[in-house]
1. Say we look at region 277-300 and pick out the residues that are modelled with pLDDT of 95 or more and among the polar types (S, T, N, Q); which of these is farthest from Leu172 (Cα to Cα)?
2. One residue is enough: does region 280-287 have a residue meeting the conditions of a type in the set (Gly, Ala, Ser), touching a helix residue (DSSP H, G or I) at 6+ places or on another chain (Cβ under 8 Å) and in a helix (DSSP H, G or I)?
3. Would you be able to say whether some residue in region 268-281 is surrounded by fewer than 16 Cβ atoms within 10 Å (Cβ to Cβ) and over 26 Å from Ile156 (Cβ atoms)?
4. Do we find a residue being surrounded by 13 or more Cβ atoms within 10 Å (Cβ to Cβ), out of contact with any helix residue (DSSP H, G or I) (no Cβ under 7 Å at 6 or more places or on another chain), touching a residue at least 24 places away in the same chain (Cβ under 8 Å) and in a helix (DSSP H, G or I) anywhere in region 229-247?
5. Give the residues of region 112-163 that are assigned to a loop (DSSP other than H, G, I, E, B), in contact with an Asp or Glu (Cβ under 7 Å, 6 or more places away or on another chain) and surrounded by fewer than 23 Cβ atoms within 10 Å (Cβ to Cβ), sorted by residue number.
6. Out of region 12-39, which residues are assigned to a helix (DSSP H, G or I) and in contact with a helix residue (DSSP H, G or I) (Cβ under 8 Å, 6 or more places away or on another chain)?
7. Output the residues belonging to region 21-47 that are among the aliphatic types (A, V, I, L, M), within 29 Å of Asn295 (Cβ to Cβ) and surrounded by fewer than 20 Cβ atoms within 10 Å (Cβ to Cβ).
8. Quick check on Thr193: is it under 25 Å from Leu270 (Cα atoms) and under 23 Å from the mean Cα position of the chain (by Cα)?
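The values are calculated or read from the model by the stated rules, or taken from the named source; none is laboratory data. Please read these numbers as outputs of a predicted model, since none were measured by experiment. Cβ coordinates were reconstructed from backbone atoms using ideal geometry, including for glycine residues, and neighbour counts include every protein chain displayed.
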Amino acid sequence: MRVIDLFAGCGGLSLGFQSAGYEIVGAFENWKPAIDIYKANFSHPVFEKDLSKIADYSVFSALEPDMIIGGPPCQDFSSAGKRNEDNGRGDLTINFAEIISNVRPEWFVMENVERILKTQKLKQARKIFIDAGYGLSEIVLDASYCGVPQMRKRYILVGKLHETNHFLDYYLIKNQSKKQMSIYDYLGNSLGTEYYYRHPRSYARRGIFSIYEPSPTVRGVNRPIPKGYTRHNGDPIDDLSKARPLTTKERTYIQTFPESFKWIGNKTELEQIIGNSVPVNLAKFVGSCIKEYINDSNRKEKTAHYAGMLDFENG
């Protein structure tokens with residue numbers, strides 16, 4: 001299946017789908033530091049393009065995609081941002097939907113933060129997809145149940161032309177693991193520490209975590225333990241000398257990028273790029289569910305089992 005990746009960043013979605021057996025034939029991104037990393041790790045072309053200003057959709061159609069994947073920037077929806085969907089970034093979700101409706105690949109996959117469910121932009125995007133003839137499956141996935149040692153909740157919307165709604169729900173639900181993946185489950189003792197510091201958004205939250213639990217969400221901020229840090233009741237240790245922040249490279253492992261993945265750029269850019277990335281194994285999980293659906297001769301019965309669970313048209 002030929003796939004193009006929009007708002008590709010450094011390539012988390014691309015690498016995940018590639019690992020699941022898809023052929024990535026092109027990617028589009030508008031931030032040069034992310035493009036440089038993408039180019040260093042993939043052989044297919046990546047195009048520097050502002051996807052908020054598309055007048056001619058032939059640039060996508062020329063690649064003959066069977067599927068378009070993408071994670072429109074989520075800062076206007078994110079709990080880490082100002083949560084104003086009209087700041088401009090939220091419009092990129094509409095731009096993504098308009099590209100899909102004009103190019104009309106058989107499949108699309110859109111990834112975003114959970115908070116997008118509360119927005120009008122998603123309702124507008126859903127209508128564009130439905131009017132273009134797509135059946136929709138949507139779910140919020142906790143990455144720690146999908147092969148990622150991180151409690152990162154992400155909204156996933158999968159569309160297929162001329163299909164009924166909820167067609168993929170069975171596979172997305174059934175294939176999740178029964179227990180969350182911890183850092184130890186994924187990396188063993190390779191970090192050389194049992195405890196690490198992750199800078200909290202406020203000191204009402206804990207900052208010390210154990211490798212025997214999933215990591216909290218990897219964000220674009222990575223700071224040392226401040227001198228004035230006061231132990232939180234939720235911290236697993238009293239002695240802060242036993243903890244340290246994760247390195248930039250270690251944070252890429254929590255995002256399930258392989259050790260061989262090449263990283264280029266200054267530390268500030270890299271931390272932001274890593275924090276914005278889609279975990280590779282989360283993308284692989286979604287891609288594998290789609291493949292299982294395609295290859296399942298009993299998929300119609302399983303689709304019918306979940307039909308009617310949600311009213312997509314009314315949000």
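1. Ser277
2. yes
3. Yes, there is a match, as at least one residue in region 268-281 is surrounded by fewer than 16 Cβ atoms within 10 Å (Cβ to Cβ) and over 26 Å from Ile156 (Cβ atoms).
4. Yes.
5. If the condition is that a residue be assigned to a loop (DSSP other than H, G, I, E, B), in contact with an Asp or Glu (Cβ under 7 Å, 6 or more places away or on another chain) and surrounded by fewer than 23 Cβ atoms within 10 Å (Cβ to Cβ), then Thr119 is the only one that fits.
6. Listed by number, the residues that qualify are Gly12, Leu13, Ser14, Leu15, Gly16, Phe17, Ser19, Pro33, Ala34, Ile37, Tyr38.
7. Applying the first criterion (among the aliphatic types (A, V, I, L, M)) to region 21-47 yields 24-25, 27, 34-35, 37, 40, 46.
With the extra rule that they be within 29 Å of Asn295 (Cβ to Cβ), the set shrinks to 24-25, 27.
Passing the criteria: only Val25.
8. no
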